[in-house]
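First comes the structure, then the notes that go with it.
The values are calculated or read from the model by the stated rules, or taken from the named source; none is laboratory data. Just so it is clear, the model here is predicted, and its values are computed rather than measured. Every residue, glycine as well, gets a Cβ built from its backbone with ideal geometry; the counts of neighbours run over all protein chains shown.
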Amino acid sequence: MISLYLFGIVVLAYLFGSIPTAVWFGQAFYGVDVREYGSGNAGATNTFRVLGKKAGIIVMCVDIFKGWTATNLPHLFDSSIVGTTDSISFVNFQLALGVIAVLGHLFPVFAGFRGGKGVATLFGMVIAIQPMAALCCVTVFLVCLIISNYVSLSSISAGFTFPISLALIIKTTVPSVMLYAIAICILILITHQKNIERLLKGKESKIYLFKKSEK
(Lines give C-alpha, C1' and ligand atoms only; values in the text may rest on other atoms or scores of the structure.)
Protein backbone atom coordinates (compact mmCIF):
# COMPACT_ATOMS: atom_id res chain seq x y z
CA MET A 1 0.00 0.00 0.00
CA ILE A 2 2.82 2.38 0.84
CA SER A 3 4.42 1.81 -2.55
CA LEU A 4 1.05 2.57 -4.20
CA TYR A 5 0.84 5.87 -2.31
CA LEU A 6 4.39 6.74 -3.35
CA PHE A 7 3.67 5.89 -6.97
CA GLY A 8 0.56 8.06 -6.90
CA ILE A 9 2.46 11.01 -5.43
CA VAL A 10 5.22 10.67 -8.01
CA VAL A 11 2.69 10.55 -10.86
CA LEU A 12 0.90 13.59 -9.39
CA ALA A 13 4.18 15.54 -9.26
CA TYR A 14 4.87 14.70 -12.91
CA LEU A 15 1.35 15.73 -13.94
CA PHE A 16 1.72 19.06 -12.15
CA GLY A 17 4.97 19.66 -13.99
CA SER A 18 3.42 18.57 -17.28
CA ILE A 19 0.85 21.36 -17.32
CA PRO A 20 1.97 23.26 -20.48
CA THR A 21 1.15 26.72 -19.21
CA ALA A 22 2.72 28.60 -22.10
CA VAL A 23 1.04 26.42 -24.72
CA TRP A 24 -2.43 26.45 -23.19
CA PHE A 25 -2.35 30.13 -22.27
CA GLY A 26 -1.07 31.16 -25.69
CA GLN A 27 -3.64 29.08 -27.53
CA ALA A 28 -6.54 30.12 -25.29
CA PHE A 29 -5.95 33.89 -25.24
CA TYR A 30 -3.80 34.61 -28.30
CA GLY A 31 -4.52 31.73 -30.67
CA VAL A 32 -0.77 31.08 -30.76
CA ASP A 33 1.35 28.04 -29.97
CA VAL A 34 4.53 29.65 -28.65
CA ARG A 35 6.51 26.56 -29.67
CA GLU A 36 6.08 27.61 -33.30
CA TYR A 37 7.76 30.98 -32.73
CA GLY A 38 10.86 32.45 -31.14
CA SER A 39 13.11 29.83 -29.62
CA GLY A 40 10.44 27.14 -29.95
CA ASN A 41 10.35 26.46 -26.20
CA ALA A 42 7.13 26.21 -24.22
CA GLY A 43 8.34 28.29 -21.29
CA ALA A 44 8.07 31.72 -19.72
CA THR A 45 11.11 33.18 -21.51
CA ASN A 46 9.75 32.40 -24.97
CA THR A 47 6.31 33.59 -23.88
CA PHE A 48 7.85 36.94 -22.95
CA ARG A 49 9.50 37.01 -26.35
CA VAL A 50 6.47 35.98 -28.41
CA LEU A 51 3.42 37.23 -26.49
CA GLY A 52 4.81 40.06 -24.37
CA LYS A 53 5.32 40.95 -20.71
CA LYS A 54 1.81 40.36 -19.40
CA ALA A 55 1.57 36.84 -20.81
CA GLY A 56 5.15 36.09 -19.83
CA ILE A 57 4.61 37.09 -16.21
CA ILE A 58 1.43 35.00 -15.94
CA VAL A 59 3.09 31.92 -17.44
CA MET A 60 6.16 32.38 -15.24
CA CYS A 61 4.09 32.62 -12.05
CA VAL A 62 2.06 29.52 -12.89
CA ASP A 63 5.21 27.55 -13.77
CA ILE A 64 6.78 28.60 -10.46
CA PHE A 65 3.61 27.47 -8.67
CA LYS A 66 3.84 24.09 -10.42
CA GLY A 67 7.29 23.45 -8.96
CA TRP A 68 6.32 24.74 -5.52
CA THR A 69 3.17 22.61 -5.41
CA ALA A 70 4.87 19.39 -6.52
CA THR A 71 7.69 19.88 -4.02
CA ASN A 72 5.24 20.43 -1.18
CA LEU A 73 3.11 17.36 -1.91
CA PRO A 74 4.65 15.39 1.03
CA HIS A 75 3.04 17.89 3.43
CA LEU A 76 -0.35 16.54 2.39
CA PHE A 77 0.41 13.01 3.59
CA ASP A 78 1.37 11.36 6.85
CA SER A 79 5.15 10.83 7.10
CA SER A 80 4.68 7.11 7.78
CA ILE A 81 2.77 6.76 4.51
CA VAL A 82 5.46 8.32 2.35
CA GLY A 83 8.32 6.81 4.35
CA THR A 84 9.88 10.10 5.46
CA THR A 85 10.32 9.75 9.21
CA ASP A 86 13.14 12.29 9.61
CA SER A 87 13.77 15.79 8.32
CA ILE A 88 16.56 14.91 5.92
CA SER A 89 14.64 12.11 4.22
CA PHE A 90 11.62 14.43 4.02
CA VAL A 91 13.69 17.07 2.22
CA ASN A 92 15.18 14.43 -0.07
CA PHE A 93 11.68 13.28 -0.99
CA GLN A 94 10.69 16.87 -1.68
CA LEU A 95 13.73 17.25 -3.95
CA ALA A 96 12.85 14.08 -5.81
CA LEU A 97 9.29 15.24 -6.42
CA GLY A 98 10.51 18.65 -7.54
CA VAL A 99 12.90 17.07 -10.03
CA ILE A 100 10.07 14.91 -11.36
CA ALA A 101 7.94 18.04 -11.81
CA VAL A 102 10.78 19.68 -13.74
CA LEU A 103 11.00 16.58 -15.96
CA GLY A 104 7.28 16.94 -16.49
CA HIS A 105 7.82 20.54 -17.60
CA LEU A 106 10.63 19.50 -19.95
CA PHE A 107 8.67 16.56 -21.35
CA PRO A 108 4.95 17.30 -20.77
CA VAL A 109 2.57 14.46 -21.48
CA PHE A 110 -0.17 17.03 -22.21
CA ALA A 111 1.81 18.73 -24.99
CA GLY A 112 3.47 15.98 -26.99
CA PHE A 113 6.51 15.94 -24.69
CA ARG A 114 7.68 19.30 -26.12
CA GLY A 115 8.16 21.55 -23.12
CA GLY A 116 10.24 24.42 -21.83
CA LYS A 117 13.57 24.72 -20.05
CA GLY A 118 12.25 24.35 -16.52
CA VAL A 119 13.83 27.43 -14.91
CA ALA A 120 10.60 28.76 -13.40
CA THR A 121 9.61 25.30 -12.17
CA LEU A 122 13.07 24.88 -10.67
CA PHE A 123 12.63 28.20 -8.92
CA GLY A 124 9.37 26.94 -7.45
CA MET A 125 11.35 24.06 -5.97
CA VAL A 126 13.89 26.48 -4.50
CA ILE A 127 11.10 28.49 -2.84
CA ALA A 128 9.71 25.32 -1.28
CA ILE A 129 13.09 24.03 -0.06
CA GLN A 130 15.04 27.20 0.78
CA PRO A 131 12.96 30.44 0.76
CA MET A 132 15.95 32.60 1.76
CA ALA A 133 18.04 31.22 -1.10
CA ALA A 134 15.07 31.84 -3.40
CA LEU A 135 15.05 35.50 -2.31
CA CYS A 136 18.74 35.78 -3.20
CA CYS A 137 18.09 34.19 -6.59
CA VAL A 138 15.16 36.43 -7.48
CA THR A 139 17.14 39.52 -6.43
CA VAL A 140 20.01 38.57 -8.72
CA PHE A 141 17.55 37.70 -11.52
CA LEU A 142 15.78 41.07 -11.34
CA VAL A 143 18.98 43.11 -11.07
CA CYS A 144 20.53 41.26 -13.99
CA LEU A 145 17.35 41.59 -16.06
CA ILE A 146 17.06 45.33 -15.39
CA ILE A 147 20.71 45.87 -16.33
CA SER A 148 21.02 43.51 -19.31
CA ASN A 149 17.40 42.97 -20.47
CA TYR A 150 18.29 39.33 -21.16
CA VAL A 151 15.98 36.80 -19.48
CA SER A 152 18.31 33.91 -20.35
CA LEU A 153 21.36 35.60 -18.83
CA SER A 154 19.32 36.51 -15.75
CA SER A 155 18.13 32.91 -15.38
CA ILE A 156 21.67 31.57 -15.64
CA SER A 157 22.92 34.13 -13.09
CA ALA A 158 20.09 33.28 -10.68
CA GLY A 159 20.82 29.58 -11.05
CA PHE A 160 24.44 30.03 -10.03
CA THR A 161 23.34 32.23 -7.14
CA PHE A 162 21.53 29.28 -5.55
CA PRO A 163 24.57 27.14 -4.55
CA ILE A 164 26.59 30.25 -3.70
CA SER A 165 23.88 31.51 -1.33
CA LEU A 166 23.55 28.05 0.23
CA ALA A 167 27.29 27.86 0.88
CA LEU A 168 28.02 31.42 1.98
CA ILE A 169 24.78 32.78 3.47
CA ILE A 170 22.57 29.91 4.58
CA LYS A 171 25.42 27.44 5.18
CA THR A 172 23.24 24.38 4.70
CA THR A 173 24.26 21.12 6.36
CA VAL A 174 22.15 18.89 4.08
CA PRO A 175 24.47 17.47 1.38
CA SER A 176 21.63 16.53 -0.96
CA VAL A 177 20.43 20.15 -1.11
CA MET A 178 23.89 21.37 -2.12
CA LEU A 179 24.21 18.59 -4.71
CA TYR A 180 20.80 19.58 -6.04
CA ALA A 181 21.90 23.21 -6.28
CA ILE A 182 24.98 22.23 -8.28
CA ALA A 183 22.82 20.02 -10.50
CA ILE A 184 20.59 23.03 -11.18
CA CYS A 185 23.57 24.98 -12.50
CA ILE A 186 24.52 22.13 -14.81
CA LEU A 187 20.94 21.69 -16.04
CA ILE A 188 20.54 25.40 -16.72
CA LEU A 189 23.77 25.45 -18.73
CA ILE A 190 22.63 22.44 -20.75
CA THR A 191 19.15 23.78 -21.48
CA HIS A 192 20.48 27.26 -22.32
CA GLN A 193 23.21 26.26 -24.77
CA LYS A 194 21.52 27.98 -27.72
CA ASN A 195 20.84 31.07 -25.60
CA ILE A 196 24.50 31.21 -24.59
CA GLU A 197 25.52 30.97 -28.24
CA ARG A 198 23.17 33.82 -29.15
CA LEU A 199 24.43 35.89 -26.21
CA LEU A 200 28.02 35.46 -27.35
CA LYS A 201 27.03 36.47 -30.89
CA GLY A 202 24.94 39.41 -29.66
CA LYS A 203 21.79 37.93 -31.23
CA GLU A 204 19.78 37.08 -28.11
CA SER A 205 16.38 38.80 -27.87
CA LYS A 206 15.92 41.37 -25.12
CA ILE A 207 12.99 41.81 -22.75
CA TYR A 208 12.26 45.30 -21.42
CA LEU A 209 10.46 45.41 -18.07
CA PHE A 210 9.88 49.13 -17.89
CA LYS A 211 9.68 50.18 -21.50
CA LYS A 212 8.57 48.73 -24.78
CA SER A 213 11.22 47.14 -26.94
CA GLU A 214 11.78 48.62 -30.37
CA LYS A 215 10.57 46.50 -33.26
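Of the conditions (1) surrounded by fewer than 19 Cβ atoms within 10 Å (Cβ to Cβ); (2) assigned to a helix (DSSP H, G or I); (3) modelled with pLDDT of 90 or more, residue 6 fails just one. Which one is it?
If we test residue 6 against (1) surrounded by fewer than 19 Cβ atoms within 10 Å (Cβ to Cβ); (2) assigned to a helix (DSSP H, G or I); (3) modelled with pLDDT of 90 or more, just (3) comes out false.
Search segment 153-202 for residues being among the aromatic types (Phe, Trp, Tyr) and surrounded by 22 or more Cβ atoms within 10 Å (Cβ to Cβ), and hand back the single one that is modelled with the highest pLDDT.
Residue satisfying both the conditions and the ranking: 162.
Is it the case that residue 76 is more than 17 Å from residue 189 (Cα to Cα) and surrounded by fewer than 23 Cβ atoms within 10 Å (Cβ to Cβ)?
So residue 76 fits the description; yes.
If the requirement is being touching a Ser or Thr at 6+ places or on another chain (Cβ under 6 Å) and either of a type in the set (S, T, N, Q) or in a helix (DSSP H, G or I) (or both), which of these qualifies: 177, 140?
That would be 140, the only listed residue that is touching a Ser or Thr at 6+ places or on another chain (Cβ under 6 Å) and either of a type in the set (S, T, N, Q) or in a helix (DSSP H, G or I) (or both).
Looking at 83, 40, 52, which one is at positive phi, at pLDDT below 85 and not hydroxyl-bearing (Ser, Thr, Tyr)?
Just one listed residue meets the conditions, 83.
So, in segment 91-106, of the ones that are in contact with a helix residue (DSSP H, G or I) (Cβ under 6 Å, 6 or more places away or on another chain) and closer than 20 Å to residue 40 by Cα, which residue ends up surrounded by the most Cβ atoms within 10 Å (Cβ to Cβ)?
Among them, the one singled out is 105.
Considering (1) crowded, with 20+ Cβ neighbours inside 10 Å; (2) out of contact with any Phe, Trp or Tyr (no Cβ under 7 Å at 6 or more places or on another chain); (3) under 30 Å from residue 3 (Cβ atoms); (4) modelled with pLDDT of 90 or more, say which one residue 109 fails and leave the rest.
(1)
Can you work out which of the residues in segment 117-137 that are in contact (Cβ under 8 Å) with a residue 60 or more places away in the chain and assigned to a helix (DSSP H, G or I) is surrounded by the most Cβ atoms within 10 Å (Cβ to Cβ)?
Within segment 117-137, the match that is surrounded by the most Cβ atoms within 10 Å (Cβ to Cβ) is 121.
Do you know which residues across segment 37-77 are hydroxyl-bearing (Ser, Thr, Tyr) and free of Cβ contacts under 8 Å to residues at least 60 places away in the same chain?
Correct list: 37, 47, 69, 71.
Identify the single condition in (1) buried (at least 22 other Cβ atoms within 10 Å of the Cβ); (2) of a type in the set (D, E, K, R); (3) touching a Pro at 6+ places or on another chain (Cβ under 9 Å) that residue 114 does not satisfy, given that it satisfies every other one.
(1)
Taking only pairs six or more apart or across chains, which ones have beta-carbon atoms under 6 Å, a first residue in segment 155-183 that is in contact (Cβ under 8 Å) with a residue 24 or more places away in the chain and within 17 Å of residue 131 (Cβ to Cβ), and a second residue that is outside any helix (DSSP H, G or I) and among the β-branched types (Val, Ile, Thr)?
166/172
Let me spell it out: the conditions are (1) part of a helix (DSSP H, G or I); (2) within 14 Å of residue 107 (Cβ to Cβ), and residue 12 meets all of them except one. Which number is the exception?
If we test residue 12 against (1) part of a helix (DSSP H, G or I); (2) within 14 Å of residue 107 (Cβ to Cβ), just (2) comes out false.
When the residues of segment 86-106 are narrowed to those that are under 19 Å from residue 176 (Cβ atoms) and small (Gly, Ala, Ser), which ends up modelled with the highest pLDDT?
Taking the candidates together, the pick is 101.
Does residue 109 meet the test of being touching a residue at least 12 places away in the same chain (Cβ under 8 Å) and within 14 Å of residue 181 (Cα to Cα)?
For residue 109, the condition - touching a residue at least 12 places away in the same chain (Cβ under 8 Å) and within 14 Å of residue 181 (Cα to Cα) - is not met.
A quick yes/no check of all residues on (1) assigned to a helix (DSSP H, G or I); (2) hydrophobic (A, V, I, L, M, F, W, C); (3) within 18 Å of residue 43 (Cα to Cα):
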{"site": "153", "(1), (2), (3)": "yes, yes, yes"}
{"site": "159", "(1), (2), (3)": "yes, no, yes"}
{"site": "163", "(1), (2), (3)": "yes, no, no"}
{"site": "167", "(1), (2), (3)": "yes, yes, no"}
{"site": "181", "(1), (2), (3)": "yes, yes, no"}
{"site": "186", "(1), (2), (3)": "yes, yes, no"}
{"site": "206", "(1), (2), (3)": "no, no, yes"}
